[in-house]
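Below is one structure, written out as structure tokens; comments come after it.
Computed from the coordinates by the stated procedures, all read-outs in this text should not be read as laboratory data. All values derive from a computational prediction rather than experimental measurement. Backbone-built Cβ (ideal geometry, glycine too); neighbour counts: all protein chains shown.
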Amino acid sequence: MTVLVGYASAHGSTREIAERIAARLAERGVGAETAPLDAVGDADGYDAYVLGSAVHQMAWLPEATGFVHTHRELLAGRPVWIFSVGMPAALRGPWKPMAAKEEPKVTEEVLADLSPREHAMFSGVVAPEHLPGPGRAVFRAMGLRYGDYRDWEAVDAFADTVARSLHPAPGSP
Ligand SMILES: Cc1cc2nc3c(=O)[nH]c(=O)nc-3n(C[C@H](O)[C@H](O)[C@H](O)COP(=O)(O)O)c2cc1C
């Protein structure tokens, strides 16, 4: 059993979440490999898939949607989980409700090609040097703060769900 934990990451926080998921799966006895989705050698060579992307402009990065679209028939026959890495935890005050509204928009394109067992929406890292000038101005105007918003417990819990599903503990129903 080998799981591909494939990711698309612009600045590294999604890659680190993918690496954490793979490490946690391995701890739970599920073999896992990480790879950027634009550099997966043999997409057919895995028993299950955990696919994730950084979110830009409320959508997955093109290399992630491209991978899902190209391999949609293959993925339809195997267990797939997906995760998105945006900044819901950075939203404060009147902007907080935007987080729940964003999730369906973020997954819209990918769900046209895929029926994953679960989607997890994580928060990543927001740094001024990652945002273009207008993006920094909007961020400031919204009163938001830069930072590393990753919730590693939530990431581990997601990985544990995947592991339990693929490798049920002896005696579990
Ligand atoms: C240009 C740009 C656009 C972004 N747009 C969104 C967005 O629409 N929604 C969101 O929740 N996060 C957005 N983010 C935040 C990123 O998704 C977040 O910082 C994530 O951790 C980036 O992952 P990465 O480090 O793997 O690239 C944006 C970040 C950048 C740099």
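Just rank Trp60, Trp152, fewest to most, by other beta-carbon atoms within 10 angstrom. Can you show the working numbers first?
Numbers: Trp60 26, Trp152 12.
If I rank by nearby Cβ atoms, fewest first, I get Trp152, Trp60.
Using Cα pairs closer than 8 Å and at least 6 residues apart in sequence, work out the relative contact order for the stretch 1-109, in percent. Spell out each step's value before the answer.
Details: 163 pairs, mean separation 30.5, N = 109.
Dividing the mean separation by the residue count of the stretch 1-109 yields 28 percent.
Expressed in units of 2.2 N^0.38 Å, where N is the residue count, the Cα radius of gyration of the stretch 75-160 is 1.24. Scalar couplings 3J(HN,Hα) for the stretch 38-50, obtained by applying the Karplus form with A = 6.51, B = -1.76, C = 1.60 to θ = phi - 60°, are 8, 9, 7, x, 10, 4, 7, x, 10, 8, 7, 9, 10 Hz; x denotes Gly and Pro.
Can you tell me the length gained on complete extension of the stretch Gln57 to Asp148, counting 0.36 nm per residue apart and subtracting the Cα distance? Walk me through the numbers before you get to the answer.
Numbers: separation 91, 0.36 × 91 = 32.76 nm, distance 1.90 nm.
Fully extending the segment from Gln57 to Asp148 adds 30.9 nm.
Backbone amide hydrogens, once placed in the peptide plane, bring Met121 within less than 5 Å of Ser84, excluding anything fewer than 5 places away on its chain. Over every pair of different alpha-carbon atoms in the stretch 33-91, take the mean of 1/r and invert it; report that Kirkwood radius in Å. Result for the stretch 33-91 stands at 12.4 Å.
Quote the charge dipole size of the stretch 2-166 about the Cα centre in Debye, to the nearest 20; the model charges only the Cβ of Lys and Arg (+1) and of Asp and Glu (-1). Kindly include the intermediate steps, with their values, before the conclusion.
On the way: 16 positive and 22 negative charges, 150 e Å.
Dipole size: approximately 720 debye.
Largest mean-square fluctuation among Glu153, Glu109, Glu33, in a Gaussian network model of the chain whose springs join Cα atoms under 10 Å apart, belongs to Glu153.
What full-extension length gain, to one decimal in nm, is calculated for Ala112 and Ala23 as 0.36 nm per residue of separation minus the Cα-Cα distance? Could you put the intermediate results ahead of the total?
Numbers: separation 89, 0.36 × 89 = 32.04 nm, distance 2.95 nm.
That pair, Ala112 and Ala23, stretches by 29.1 nm at full extension.
Mean-square fluctuations from a GNM of the chain, with a 10 angstrom spring cutoff on Cα atoms, peak among Pro62, Pro128, Pro88 at Pro128.
Take every Cα pair under 8 Å whose residues are at least 6 apart in sequence, average their separation, divide by the length of the stretch 50-164, and the relative contact order is 29 percent. This ranking places Thr70, Thr14 by how few other beta-carbon atoms lie within 10 Å of each, fewest first, which gives Thr70, Thr14.
The Kirkwood radius of the chain, taken over pairs of alpha-carbon atoms, gives through the Stokes-Einstein law at 4 °C and 1.567 mPa s a diffusion coefficient of 78 µm² s⁻¹. Take the Cα of Lys101, go 7 Å toward its beta carbon, and the backbone nitrogen atoms of the stretch 136-167 under 20 Å from that spot belong to 136-145. Candidate membrane-span-like segments in the chain, meaning DSSP H helices with Cα atoms spread over at least 15 Å of their own axis and a Kyte-Doolittle mean of 0.0 or above, are 152-166, with no membrane implied. Along the axis of the charge dipole computed for the chain (Cβ charges of +1 for Lys and Arg, -1 for Asp and Glu, origin at the Cα centre), the listed residues Gly52, Thr161, Val106 are led at the positive end by Val106.
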